[in-house]
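As C-alpha cells, the structure follows; a few thoughts come after it.
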Amino acid sequence: MDAIALKHNDEIIDLQTAAVLGIEGEPIELDNSSDSLEVLRHSTAHLMAQAIKSLYTNAKFFVGPVVKEGFYYDFKVDEEIGEADLKKIEKQMINFAKKKFEIERYEISMEEAKLKFGNDELKLDVLKRIADSKVSIYKQGEFEDLCRGPHLPNVRNIRFFKLTKIAGAYRGGDSKNEMLTRVYGIAFADKESLKAHMTMLEEAAKRDHRKIGAQMKLFTFAEEVGAGFPIWLPAGGRLRARLENLLFKAHRKRGYEPVRGPEMLKSELWKTSGHYQNYGENMYFSTIDDVEFGIKPMNCVGHIKVYEDELHSYRDLPIKYFEYGVVHRHEFTGALHGLFRVREFTQDDAHIFCTMDQIEEQIIEVVDFVDKIMSTFEFDYKMMISTKPEKAVGSDEIWDVSTQALKNAMDKNSLSYEMDEGGGAFYGPKIDIKITDAIGREWQCGTIQLDFNLPERFKLEYNGENNDKIQPVMIHRAILGSFERFIGILTEHYAGEFPMFIAPTQVAIIPIADTHKEYAKLLSDKLIDIGADSSIYDKNDSLNKRIRTAEKSRVPMLIIIGDEEVNGKTVAVRDRREREQYNLSEDEFLKLIQTKINEVNF
Ligand SMILES: [Zn+2]
Ligand SMILES: [Zn+2]
C-alpha cells in the first residue's frame, strides 16, 4: 500500500511537506494506527469543512483538530443548523471524496495571510494565535484552509466516516466569546472498524450515566445550585457508602490512617505549596477577616499539616494518611459533563511519607492495591508514566531522579507501562492508571505521583538512624480518582446493573397484601443486620405492577411475601441477575445474601 505520510524524528510529516523540504522518513500507511488516523481524521475534518462551505456559502471556520473522540470543526453559518443537517453534509463529503481532489499545500507570509483572510474574523483570530512568520494553506478543489497539516495526499482516501454530533462551543473555549457551531465526526481506514465504533457509540448512549442515574435516582443537578455541583440522592448515597466502607477497610488493612484537613486554607500556604502560582486558575478563593483563603483543589497540604504535628523517626516510616477529600476545581462550563467532569468532587486520596529506600516497595504496594480494585470491578487497565510538564516546580535533577525511581519500580517488577512525555503533575512525575470498560472505552482514573518538591517546600523531616534530619519523600495517590467520576464510569460499565456488593439496594421486598407487611419489615431489619439494604414495595398498586416497578429499578434480587411465606418463614426469590426463581427458608436466604455481599474484599 502507498504511504499517506512519513514519520520523521517522531513527527508526522505529510507527503506534500516532505517533497518541498526533501525530508525522508518511515512511511505511514493508511490503517488504523494512531499516526495514520491522525492524518486521516484531520483530513476528514477539512473535507467536512469543504462540504459545509459548499452548502452554506457564508460559512466561516475557526479550528478543526483531531481529538480523542475523532475530530471536530468549529464554524459559523447564518442559517440554523441541526442534527438533521448532518446527513446532508455527509452526502456532500462523499460527493467530494469521489472527485478525488489532490490535497495541495503552499506557504504564504503572515502579512499575506492577514490580507487573504481580511474579511474572515475567525481566521484572523486563528492567525493571532500563530507565532510563525509564515503559514501554510491546504487546498482541495475550490476549497482552501489555513492549516499546519499534516494531510492526506488526496481526498479519495476518505471513505469510512460518520458525523456523530453537533454542539455549541465558545470560540477558543472562552465563555466571554461568541458561540460557534461544532460538528464532531469519526473516520477509520476500513468499514468494519467504523461499524464497530458506531455500535459502541449506540451502546454508550444506552448506558449514559446521566440517563441511568436519573432512572435509578442516584444523583441529580440543579440550575439553582450551580452547574458542576452534584446532588446525591438516597440510592446514590447508599451506593457511595458501600464503596466508601469497602475502601475504608482496605485502607486500614494496608496501614493507612484516616485523617481530615480543612476545606479552606490561607492563600499564604498555597503559595508555599506552589498551588497558588501553578494551579491558581483552577482554584476558588474567598476572604475571611481580610485574609485571602483558597478552597482546596487537592488534599496534600492538609496531610502535610498532619505530618508536621509530630516529630517522626525513620522507624515510623512509611506513614500513610488517607481521606475522602472533598475538593473544588474550576472547570469551564462547556467542559462539565454529568459526573465525569464536575466542580466539586471527593477523591479517595492518600499520601505516603517514606524514605528514598522505600519508594519502590510503596509504589508496588499501591499498584497491587489498584490491581485488586480494578480486577474486582472487571476492568482491564494499563499504566502510563508521565514526565515533567511545562509548568512545574523543582529542579531538572529532582525530576530526573523521581522519574527514574518510578521507572525502576515498574521495571524491577516486570510491569509494563507507556510513557506520556510532559503529562506529569506540576510537582512531580506520576503513574496514571487507565481502565477499559465493558464496551472498550478507556478512562483515566487513579494516579500515583512521586513528589520531592512539597517535602522540600515545607521543610518536612524525620530523624534518621544517626539522629540526623532527613527529608521524606511524598507519594500522592488516588485509586478511583474521585467517587463522582468512578461511579459515573461504573454506572456505564455495568449499565446500571451493579453487582450485589455495591448495588444501592440488594433486595426488593414485595408483600402481596397488608397482612404480609409485618413480616416484610422484619426481613428488612434482618437484612440491615447482615449489612444489606432493602426496599419494601408496598404502595397501593397491583402486585404485578409492583413487581414490574421493582424489576425496572435494577435491584438484583426480588422476594415476594404471601401467606405461605409468612406461615412457613420462607421467601420466594426472583434472582434478576441469574434469571432464576426459587424458594428458600429465611435463614438460607439471609446466608445467601450475606455471602454475596461479603465475597468482595479489596
Ligand atoms: Zn488542517
Ligand atoms: Zn496530593
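Anything in the range 532-552 that is part of a loop (DSSP other than H, G, I, E, B) and touching a strand residue (DSSP E or B) at 6+ places or on another chain (Cβ under 7 Å)? List them, or say none.
Answer for the range 532-552, where residues must be part of a loop (DSSP other than H, G, I, E, B) and touching a strand residue (DSSP E or B) at 6+ places or on another chain (Cβ under 7 Å): Ala532, Tyr537, Asp538.
So for the range 384-393 (the condition being in a strand (DSSP E or B) and surrounded by 20 or more Cβ atoms within 10 Å (Cβ to Cβ)), does at least one residue qualify?
Scanning the range 384-393, I find at least one residue that is in a strand (DSSP E or B) and surrounded by 20 or more Cβ atoms within 10 Å (Cβ to Cβ), so the answer is yes.
Give the residues of the range 145-167 that are away from ligand 1 (no atom under 13 Å from the Cβ), touching a residue at least 60 places away in the same chain (Cβ under 8 Å) and touching a strand residue (DSSP E or B) at 6+ places or on another chain (Cβ under 6 Å), sorted by residue number.
Phe161, Lys162, Leu163, Thr164, Ile166, listed by residue number.
Of the conditions (1) in the same structural domain as Glu263 (by TED's automatic domain parsing); (2) at pLDDT below 95; (3) among the polar types (S, T, N, Q), Gln347 fails just one. Which one is it?
(2)
Are there any pairs with C-beta distances below 6 angstrom linking a residue in the range 186-211 that is over 20 Å from Ser33 (Cα atoms) to a residue that is hydroxyl-bearing (Ser, Thr, Tyr), with the two at least 6 apart or on different chains, and if so which?
These pairs meet every condition: His209/Thr491.
From Thr17, Thr44, grab the single residue that is modelled with pLDDT under 95 and either within 22 Å of Ala189 (Cα to Cα) or hydroxyl-bearing (Ser, Thr, Tyr) (or both).
So the residue among Thr17, Thr44 that is modelled with pLDDT under 95 and either within 22 Å of Ala189 (Cα to Cα) or hydroxyl-bearing (Ser, Thr, Tyr) (or both) is Thr17.
Taking the conditions exactly as written (in contact with a Phe, Trp or Tyr (Cβ under 7 Å, 6 or more places away or on another chain), touching a residue at least 24 places away in the same chain (Cβ under 8 Å) and either assigned by TED's automatic domain parsing to the domain that holds Pro150 or aromatic (Phe, Trp, Tyr) (or both)), does Tyr56 satisfy them or not?
So Tyr56 does not fit the description; no.
I need a count of the residues in the range 74-122 that are touching a residue at least 40 places away in the same chain (Cβ under 8 Å), in contact with a Leu (Cβ under 8 Å, 6 or more places away or on another chain) and within 21 Å of Asp14 (Cβ to Cβ).
4
Could you please find all residues in the range 554-569 being over 17 Å from Asp514 (Cβ atoms) and surrounded by fewer than 19 Cβ atoms within 10 Å (Cβ to Cβ)?
The answer is Gly568, Lys569.
Name, by its number, the condition in (1) surrounded by 14 or more Cβ atoms within 10 Å (Cβ to Cβ); (2) in a strand (DSSP E or B) that does not hold for Ser286.
Result: Ser286 passes all but (1).
Taking into account only those residues within the range 139-185 that are surrounded by fewer than 19 Cβ atoms within 10 Å (Cβ to Cβ) and β-branched (Val, Ile, Thr), which is farthest from ligand 2 (Cβ to nearest atom)?
Ile166
Looking at this structure, is Lys128 without any contact (Cβ under 8 Å) to a residue 40 or more places away in the chain, away from ligand 1 (no atom under 14 Å from the Cβ) and under 34 Å from the mean Cα position of the chain (by Cα)?
So Lys128 passes the test.
Out of curiosity, is Val555 in contact with a His (Cβ under 9 Å, 6 or more places away or on another chain), more than 30 Å from Gly325 (Cβ to Cβ) and modelled with pLDDT under 95?
The answer is no for Val555.
Among the residues of the range 218-239, count how many are hydrophobic (A, V, I, L, M, F, W, C) and assigned to a loop (DSSP other than H, G, I, E, B).
Within the range 218-239, residues that are hydrophobic (A, V, I, L, M, F, W, C) and assigned to a loop (DSSP other than H, G, I, E, B) number 7.
So is Thr595 among the hydroxyl-bearing types (Ser, Thr, Tyr) and either closer than 30 Å to Lys211 by Cα or in a loop (DSSP other than H, G, I, E, B) (or both) or not?
Considered against the rule, which asks whether it is among the hydroxyl-bearing types (Ser, Thr, Tyr) and either closer than 30 Å to Lys211 by Cα or in a loop (DSSP other than H, G, I, E, B) (or both), Thr595 comes out as no.
When you scan the range 449-484, how many residues do you find that are farther than 22 Å from Trp270 by Cα and more than 16 Å from ligand 2 (Cβ to nearest atom)?
Matching residues across the range 449-484 total 11.
For the range 138-155, enumerate the residues that are closer than 19 Å to Asp74 by Cβ and more than 35 Å from the chain's Cα centre (by Cα).
Result: Phe143, Glu144.
When you scan the range 325-345, how many residues do you find that are in a strand (DSSP E or B) and either away from ligand 2 (no atom under 16 Å from the Cβ) or surrounded by fewer than 18 Cβ atoms within 10 Å (Cβ to Cβ) (or both)?
Residues meeting the conditions: 4.
Filter the range 264-283 down to the residues that are assigned to a strand (DSSP E or B) and either in contact with a helix residue (DSSP H, G or I) (Cβ under 7 Å, 6 or more places away or on another chain) or not assigned by TED's automatic domain parsing to the domain that holds Ile319 (or both) and list them by number.
Selection gives Leu265 alone.
Quick check, is Leu122 modelled with pLDDT of 90 or more and assigned to a loop (DSSP other than H, G, I, E, B)?
Against the criterion (modelled with pLDDT of 90 or more and assigned to a loop (DSSP other than H, G, I, E, B)), Leu122 does not qualify.
The values are calculated or read from the model by the stated rules, or taken from the named source; none is laboratory data. It should be emphasised that the depicted structure is a prediction, and the values quoted were computed from it without experimental measurement. A quick note on method: Cβ atoms are made from the backbone with ideal geometry, for glycine too, and the neighbour counts reach across all protein chains shown.
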